Amino acid sequence: MGLASAIEPGAEQPLIVEEEDIKLEEEEEEEDDGEKENHEVSPEPKSQPKSSTKIKVILGTTAAIVAGAAGAVALAPVALGAAGFTSAGIAAGSIAAQMMSAAAIANGGGVAAGSLVAVLQSAGAAGVSGAASAAVAGTGAAVGWLASFFG
């Protein structure tokens, strides 16, 4: 006896379930149970810094370099004087006096021409030369540039 002959006229039609419907129902049940399927989500591209941020960084770095260079040139004579390398000579009891004593002992009683003590004494007495100012400015600029990474 076939399926068609078992259905009486006016009776409900039999429910025919396709295999695809069963899979969809199983997926819905899994989601209802709190189980999540592993769906790959593409990461969102990282946004590039705005041009105003780049400009601020460049200006901040430039300001740090200029401040370091100018500060080093302005403070070099002050630092020499504080260490004891003055225009009147080496100040008694200063760091400069200790350096001169150590240099004299190492050289058998005199300070060698061109040594660190002699160069610093010359700078303290006559002022910082143009070449020395450039070297100090370069060093100060390098320090200012490095400091810009911490600010």
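Any read-out appearing in this document is the output of simple, stated calculations on the displayed coordinates, not a laboratory observation. Bear in mind the structure is a predicted one, so any value in this text is a computation, not a measurement. With ideal geometry, Cβ positions are generated from the backbone for all residues, glycine too; neighbour counts draw on all protein chains shown.
Descriptive notes on the structure:
- Approximate spin-label separation Ala104-Thr86, in nm, with each point projected 7 Å along Cα-to-Cβ: 1.7 nm
- Restricting region 49-105 to trypsin sites (Lys or Arg not before Pro) in coil, as DSSP defines it, with at most 16 other Cβ within 10 Å: Lys50
- Residue-count net charge about Thr62 - beta-carbon cut-off 14 Å; Lys, Arg +1, Asp, Glu -1: +2
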